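Participant: Have a look at the structure that comes next, please.
None of the figures in this text is laboratory data; all of them are computed from the coordinates on show. All figures in this text were calculated on a predicted structure; none of them were measured in a lab. Cβ sites come from the backbone with ideal geometry, for glycine too, and all protein chains shown count toward neighbours.
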Amino acid sequence: MIEVIKVFSILAVPMVVLIIVVMGAMRKVKVYEVFVEGAKEGFNTAVRIIPYLVAMLGAIGMFRASGAMDFLTGLIAPVTNLIGLPSEVFPLAVIRNLSGSGSLGLMTDLAQTHGPDSFIGRLAAVMMGSHETTFYVLAVYFGSVGISRVRHAPLAGIFADIISVIASVILVRAIFL
């Protein structure tokens, strides 16, 4: 099973790129020109979202510096232990909702502390791949297009994030333990 996952992970990105190029050629789309046009739009979007990004990163920094993360981790540890989630990984589950780069820093720290092939290291890696930066997406993408009433998006995102954490624990236990 692990060998199949390794082969699939090596081939996944090149196959997606190949499929996109082949489908574009079959539909007579000028793939390179469309790619460059999309990159231009992406740059313009990046410039528009900078204020939202700065606000989100500032809020994350205050949350971590205030000690609220450590308090929350200690408070929720009995619950996380019930589903098999080590309390060391819980901050990653919280920060991943807010920031991709912040959660990458936490994952790197977990991998250096516990080792990348440990249960905690593997769980952190799977969580990084399956968990979305929900509040970042809400702040940046909704803000960049002027949506101010997000309705059910935050609850749906949080629900999906909780499910991804539980699924990560189940999958890592099933595959690597």
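Participant: Stretched out fully, how many nm does the piece from Asp109 to Glu132 gain, at 0.36 nm a residue minus the Cα gap? Before the final figure, lay out each step's value.
Facilitator: Working: separation 23, 0.36 × 23 = 8.28 nm, distance 1.95 nm.
Extra length available between Asp109 and Glu132 comes to 6.3 nm.
Participant: Still on this structure, please answer the following. Please build a GNM for the chain, connecting alpha carbons under 10 Å apart, and tell me which residue among Val16, Val165, Val126 fluctuates the most.
Facilitator: For the chain, modelled as a Gaussian network with Cα springs under 10 Å, the answer is Val16.
Participant: Here is a further query. What relative contact order, as a whole-number percentage, does the chain give when Cα pairs under 8 Å and 6 or more residues apart are counted?
Facilitator: Numbers: 130 pairs, mean separation 37.3, N = 177.
Relative contact order comes out at 21 percent.
Participant: Taking every pair of distinct Cα atoms and averaging 1/r, then inverting, what Kirkwood hydrodynamic radius in Å comes out for the chain? Before the final figure, lay out the partial values.
Facilitator: Details: mean 1/r = 0.0536 Å⁻¹.
Mean inverse Cα-Cα distance, inverted, gives 18.7 Å.
Participant: Region 23-94: which trypsin sites (Lys or Arg not before Pro) are DSSP loop and have at most 16 other beta-carbon atoms within 10 angstrom? If you can, show how the numbers build up before the last one.
Facilitator: Values: sites: Arg27, Lys28, Lys30, Lys40, Arg48, Arg64; in loops: Arg27, Lys28, Lys30.
Listed in order of number, the matching sites are Arg27, Lys28, Lys30.
Participant: Another one. For Phe35 and Ser9, what is the calculated FRET efficiency with R₀ set at 25 Å and r taken between the beta-carbons, to the nearest 0.05?
Facilitator: Working: r = 24 Å, r/R0 = 0.97.
So the FRET efficiency works out to roughly 0.55.
Participant: With springs only between Cα atoms under 10 Å, which of Ile76, Ile19, Ile120 fluctuates most in a Gaussian network model of the chain?
Facilitator: Ile19
Participant: Output wanted: per-residue J couplings in Hz (rounded whole) for region 77-86, from phi through Karplus 6.51 cos²θ - 1.76 cosθ + 1.60, θ = phi - 60°, x for Gly and Pro.
Facilitator: Values, residue by residue: 3, x, 6, 5, 5, 5, 9, x, 8, x Hz.
Participant: Compute a Gaussian network model of the chain, connecting alpha carbons closer than 10 Å, and tell me which residue from Gly115, Gly38, Gly58 fluctuates the most.
Facilitator: Per the Cα network of the chain with a 10 Å cutoff, Gly38 tops the list.
Participant: Could I ask something else about it? Using DSSP to call loops (not H, G, I, E or B), can you name the chymotrypsin sites (Phe, Trp or Tyr not before Pro) in region 112-177 whose Cβ has at most 13 other Cβ atoms within 10 angstrom?
Facilitator: Values: sites: Phe119, Phe135, Tyr136, Tyr141, Phe142, Phe159, Phe176; in loops: none.
Here no chymotrypsin sites (Phe, Trp or Tyr not before Pro) fit, given the DSSP loop and packing criteria.
Participant: Show me, for region 97-107, the HN-Hα J-couplings you get by feeding each phi into the Karplus relation (A = 6.51, B = -1.76, C = 1.60, θ = phi - 60°), rounded to Hz, glycine and proline as x.
Facilitator: Rounded to whole hertz, the list is 5, 9, 8, x, 6, x, 6, 5, x, 5, 5.
Participant: Within region 124-177, list the trypsin sites (Lys or Arg not before Pro) lying in a DSSP loop whose Cβ has at most 14 other Cβ atoms in a 10 Å radius.
Facilitator: On the way: sites: Arg149, Arg151, Arg173; in loops: Arg149, Arg151.
Hits after loop and neighbour filter: Arg149, Arg151.
Participant: In addition: Provide the per-residue ³J(HN,Hα) series for region 117-133, in order, calculated from phi with Karplus coefficients 6.51, -1.76, 1.60 and θ = phi - 60°, each as a whole number of Hz, with x at glycine and proline positions.
Facilitator: Values, residue by residue: 9, 7, 4, 5, x, 5, 4, 4, 5, 5, 4, 4, x, 10, 10, 9, 8 Hz.
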